[in-house]
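Scroll down for the structure; my scribbles are underneath it.
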């Protein structure tokens, strides 16, 4: 937990990104010799704090007994899309209940690239999900022609919240939508909750619904980058859910959603398949993407973390379909308990996932709710969970989880358009990933999930400097 006072004090330790890049001293060969180091560590006050500045010196060949992080910016991989979170109904409603100064703090904390952690990616639920105060849709019962389509519900909380987030970012925010369920009358179980399936006779109406959502949000001043076909299509949940086999999703994209987007002038909108856990993602991706008529409409595969890690499955999809993208679309920690909000493991889940997902090909990473209240909600089915920031709607106090800072070690220093580069550890105790930004700056993340401090050398093209990774810490090296 961190109060506003601590948050502001820590943020003051972060120099403007542009100024930081300008400080980097370089030799005549153009090699960086000064590296700024930012640290978040358990049992310390370090929270995205600038803890040291390394001066790289000629070092040459390391010994096998020396622990090193080797950085090589000359080899590049996927292009970075962004990092962000879900602007759900729950987040928007909690935001609306906070005092105005706390609202501004939340916006700055997440979206300001200099004073905050610079989110550039956002996910929206298409009508209701579990993190809504109740179930709702954008049309009236039985309206297959969608003549009653209206965003009136979202205009109360969510649309104003999204617009304020966009303004706080001061630059483009990539926004995509995901449905949890079609309207109940379109489904075989006549219920938005507890799974069920889309009835075949409503496939075109449901595709048209996506079009209505995109055009209505854009008319409201919120550009939509793309959509996923279905949130968690293999999970029958007590909340809004709908089951799609891989073949059903393939056929819907190929025969309805893709062609409808093209006919309605939305061929530039990106379609994400799967949007569920890493465990089945190869089976889903291969079923859809091995069909060229379906694949031509698909931007890439989205995935979650609510299963064993299965990081290799992300790599398998990237290797098999290198022309398609990968995007982490949801993850959170749960069940919510305010007494456990300071447990260090929560942030480490984020750090581990982000390092491995990026190293296996993901172009972006989307957290779940950006903001929740003191109950871990609101949530209309009692499915309460943690968010990186919680707002107590009774007192107005904000609580920052360590997950906020772990995410910030990536999102603050890696900017859209960056290219992943080589960052290699010679010991399993240190995990690492790295990106080179469009302006030439480099961000290297080093993660220590263990109980011991680990001295190592930060090595770049024959130059190196000693540094220590604290127990249960994450570091970002910027040059």
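Looking only at the chain, where both bridge partners belong to it, what percent of the DSSP beta bridges are antiparallel (to the nearest 5)?
Working: 49 of 87 bridges.
Counting DSSP beta bridges with both partners in the chain, the antiparallel share is about 55 percent.
Considering only C-alpha atoms, what is the centroid distance from the stretch 54-133 to the stretch 180-249, in Å?
28 Å
Full extension from residue 143 to residue 312: what is 0.36 nm times the residue separation minus their Cα-Cα distance, to one decimal in nm?
Between residue 143 and residue 312, full extension yields an extra 56.5 nm.
For the stretch 287-354 and the stretch 137-161, what is the separation of their C-alpha centers, rounded to whole Å?
The distance from the Cα centre of the stretch 287-354 to that of the stretch 137-161 comes to 30 Å.
What are the extents of the Cα atoms of the chain along their three principal axes, listed from largest to smallest and rounded to whole Å?
71, 53, 36
Going 7 Å from the Cα of residue 426 along its beta-carbon direction, which residues of the stretch 436-457 have the amide nitrogen within less than 13 Å of the resulting point?
456-457
So if each residue of separation counts as 0.36 nm, and I subtract the Cα-Cα distance between residue 337 and residue 57, what length gain in nm does that give? All intermediate terms of the calculation are to be shown ahead of the outcome.
Values: separation 280, 0.36 × 280 = 100.80 nm, distance 4.79 nm.
Additional length available on full extension: 96.0 nm.
What do you get for Rg/Rh of the stretch 180-337 when both radii come from the Cα atoms and Rh is the Kirkwood radius?
Numbers: Rg = 15.4 Å, Rh = 16.1 Å.
My calculation of the ratio gives 0.96.
For the stretch 409-462, what number results from the quotient of the Cα radius of gyration and 2.2 N^0.38 Å? Write out the running numbers ahead of the final one.
On the way: Rg = 12.3 Å, N = 54, 2.2 N^0.38 = 10.0 Å.
That ratio works out to 1.23.
Could you give the length gained on full extension between residue 100 and residue 452, defined as 0.36 nm per residue of separation minus the Cα-Cα distance, in nm? List each step's numbers first, then the result.
Details: separation 352, 0.36 × 352 = 126.72 nm, distance 4.25 nm.
Working it through step by step, the gained length comes to 122.5 nm.
Just grab the label-to-label distance for residue 66 and residue 156, each label 7 Å out from Cα along the Cβ direction, in nm (one decimal).
About 6.3 nm, to one decimal.
What nm value, rounded to one decimal, do you get for the distance between residue 268 and residue 397 when each label is placed 7 Å out toward the C-beta?
Distance between label points: 4.7 nm.
We did not get these values from a lab; they are worked out from the coordinates using the rules stated. The model shown is predicted, which means the values in this text are computed figures rather than measured ones. Every residue, glycine as well, gets a Cβ built from its backbone with ideal geometry; the counts of neighbours run over all protein chains shown.
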